[in-house]
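First comes the structure, then the notes that go with it.
The values are calculated or read from the model by the stated rules, or taken from the named source; none is laboratory data. Here the structure is a predicted model, which is why all the values come from computation and not from measurement. Ideal geometry is used to build each Cβ from the backbone, glycine not excepted, and the neighbour counts take in all protein chains shown.
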Amino acid sequence: MPETFAAEAEGDFDDDFDDEDEDLDEADPAADGVPAPLEGPTRCGFVALLGAPNAGKSTLTNALVGTKVSIVSHKVQTTRAIVRGIALDGAAQVVLVDTPGIFSPKRRLERAMVTSAWTHAADADVIALLVDAKRGMDEEIEALLGPLKDIRKPRALILNKIDLIRRDTLLALAAQLNERLPFDRVFMVSALTGDGVADVRRWFAEMVPLSPWLYPEDQVSDAPMRMLAAEITREKMFLRLHDELPYRSTVETESWKELRNGSVRIEQTIYVERESQRKIVLGKAGQTIKTISSEARAEIAGIIEQKVHLFLFVKVRESWADDPERYREMGLEFPKGG
Ligand SMILES: Nc1nc2c(ncn2[C@@H]2O[C@H](COP(=O)(O)OP(=O)(O)OP(=O)(O)O)[C@@H](O)[C@H]2O)c(=O)[nH]1
Ligand SMILES: [Mg+2]
């Protein structure tokens with residue numbers, strides 16, 4: 001059995017990008033630093049989005065930014081590393097800190113994810129607790145309210161997924177939560193449809209401090225493209241494979257080469273823990289990895305507006321979840337002690 005398997009899925013992506021060379025030659029106005037966005041005082045600050053896994057934090061981050069910066073799936077614990085999305089509203093630049101869902105961690109990777117979420121909450125200017133309104137109040141939310149009480153910052157309660165439930169249930173839930181912990185504002189939104197999202201963005205923009213902007217006007221995320229590209233491949237894997245496997249896998253972009261014809265050659269490695277998992281990722285005659293690769297390639301190409309050649313390698317590394325280097329790649333602290 002070979003250690004690695006490469007799959008490249010080429011598509012007919014050329015057609016849409018006949019003018020790509022011209023686009024590439026254009027100067028990037030933001031390259032020389034942060035431009036002054038508007039006359040008058042600017043605001044800029046950090047908003048931490050906290051919540052249980054699957055509450056819709058990443059979906060809301062993308063909706064607030066207006067483009068995809070964080071991956072989303074129907075499975076819990078999709079977000080691992082901190083993703084910062086940058087939203088603009090008038091003279092305010094709002095840096096949204098999409099955190100991993102908070103839950104009772106058991107394994108090392110889980111502990112690192114939850115610690116990272118709380119650390120970022122403590123560092124933010126504004127806190128938003130996102131609650132899946134369909135799920136309502138449960139132990140996971142209870143466990144979040146206690147520590148939140150001690151963080152003295154403007155805080156909002158955002159009830160999400162209102163497209164799924166009735167208004168009277170919603171009001172009862174808002175009252176119940178507000179009684180347990182008073183919030184400065186309560187929003188009811190659907191991150192999926194965009195309903196109510198503009199009001200949230202406006203409030204964040206009012207709450208962040210007076211400050212020069214930290215990022216260029218056209219920047220939507222602080223994550224380098226190679227990291228987003230790895231996340232996109234992980235998302236496609238999440239969407240394809242059964243529950244247990246994606247958790248035991250991670251994706252890294254190993255190389256990113258701009259070719260002279262304007263296309264990009266990207267090599268990524270998917271790390272799994274067992275040979276049996278490698279077989280699942282590959283699928284029968286390599287069909288699964290081909291599908292993952294072709295979906296990831298199309299999405300990455302759409303974002304960077306260049307033709308992409310994506311090569312995926314699947315490697316078995318038994319203890320990747322105990323390897324500090326893998327955590328560094330994800331931007332997480334490596335928790336000591338098993
Ligand atoms: N119906 C509905 N579904 C939503 C809404 N917002 C998010 N979802 C779905 O909820 C699931 C979880 O969304 P994510 O944005 O990945 O949730 P998350 O809080 O970032 O999850 P973790 O990263 O695992 O903590 C996905 O299937 C989303 O499509 C919403 O407003 N309405
Ligand atoms: Mg997420």
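Annotation for the range 39-47: no member residue is at pLDDT 80 or above, within 16 Å of ligand 1 (Cβ to nearest atom) and basic (Lys, Arg). Here Asp16 clears all of (1) assigned to a loop (DSSP other than H, G, I, E, B); (2) among the charged types (D, E, K, R); (3) at pLDDT below 60 except the condition numbered (1). Residue selection: Gly66 fails the criterion of being within 14 Å of ligand 1 (Cβ to nearest atom) and at pLDDT 80 or above. Residues in the range 141-165 that are closer than 17 Å to Ala48 by Cβ, within 16 Å of ligand 2 (Cβ to nearest atom) and not aliphatic (A, V, I, L, M): Asn160 only. Which of (1) within 22 Å of Lys68 (Cα to Cα); (2) without any contact (Cβ under 8 Å) to a residue 60 or more places away in the chain does Arg201 not meet, given it meets every other one? So the condition that Arg201 fails would be (2). Restricted to helices (runs of 4 or more DSSP H) entirely inside the range 260-338, those with at least 1 residues that are of a type in the set (Gly, Ala, Ser), surrounded by fewer than 20 Cβ atoms within 10 Å (Cβ to Cβ) and more than 20 Å from the chain's Cα centre (by Cα) are 275-282, 287-304. Taken together, the residues in the range 93-107 that are assigned to a loop (DSSP other than H, G, I, E, B) and either near ligand 2 (Cβ under 10 Å from one of its atoms) or touching a strand residue (DSSP E or B) at 6+ places or on another chain (Cβ under 7 Å) (or both) amount to 4.
Results for (1) without any contact (Cβ under 8 Å) to a residue 24 or more places away in the chain; (2) away from ligand 1 (no atom under 15 Å from the Cβ), shown as yes or no for each residue.
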residue: Asn160; (1), (2): no, no
residue: Leu164; (1), (2): no, no
residue: Asp168; (1), (2): yes, yes
residue: Leu177; (1), (2): no, yes
residue: Gly194; (1), (2): no, no
residue: Ala229; (1), (2): no, yes
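Can you find a residue that is at pLDDT 90 or above and not charged (D, E, K, R) anywhere in the range 99-122? The answer is no, given that none of the residues of the range 99-122 is at pLDDT 90 or above and not charged (D, E, K, R). Just one residue in the set Ala92, Ala27, Ala36 is over 13 Å from the mean Cα position of the chain (by Cα) and at pLDDT 95 or above; that residue is Ala92. In this structure, is Leu214 in contact (Cβ under 8 Å) with a residue 60 or more places away in the chain, at negative phi, part of a loop (DSSP other than H, G, I, E, B) and touching a Cys at 6+ places or on another chain (Cβ under 6 Å)? In short, yes. Whenever a residue of the range 52-66 is part of a loop (DSSP other than H, G, I, E, B), its partners that are of a type in the set (S, T, N, Q) and surrounded by fewer than 24 Cβ atoms within 10 Å (Cβ to Cβ), lying with C-beta atoms within less than 6 angstrom and at least six residues away or across chains, give the pairs Pro53/Gln77. Within the range 41-66, if we keep just the residues that are hydrophobic (A, V, I, L, M, F, W, C) and more than 12 Å from the chain's Cα centre (by Cα), the residue that is nearest to ligand 2 (Cβ to nearest atom) turns out to be Ala55. Restricted to the range 108-193, the set of helices (runs of 4 or more DSSP H) holding at least 2 residues that are closer than 30 Å to Ser319 by Cα comprises 108-123. Scanning the range 69-92 for residues that are more than 15 Å from Phe204 (Cα to Cα) and in contact with a strand residue (DSSP E or B) (Cβ under 9 Å, 6 or more places away or on another chain) gives Val69, Ser70, Ile71, Thr79, Arg80, Ile82, Val83. Remark: pairs (first residue in the range 101-116, in contact (Cβ under 8 Å) with a residue 12 or more places away in the chain; second residue assigned to a loop (DSSP other than H, G, I, E, B) and of a type in the set (Gly, Ala, Ser); Cβ separation under 7 Å; 6+ apart in sequence or on different chains) = Gly101/Ala52; Gly101/Ala55; Ile102/Ala52; Phe103/Ala52; Arg108/Gly338. Residue pairs whose Cβ atoms lie under 7 Å apart, separated by 6 or more positions or on different chains, with the first residue in the range 267-285 and at positive phi and the second surrounded by 20 or more Cβ atoms within 10 Å (Cβ to Cβ) and at pLDDT 90 or above, are Gly283/Ile289. Within the range 80-89, being within 12 Å of ligand 2 (Cβ to nearest atom), at pLDDT 80 or above and not hydrophobic (A, V, I, L, M, F, W, C) holds for one residue alone: Gly85.
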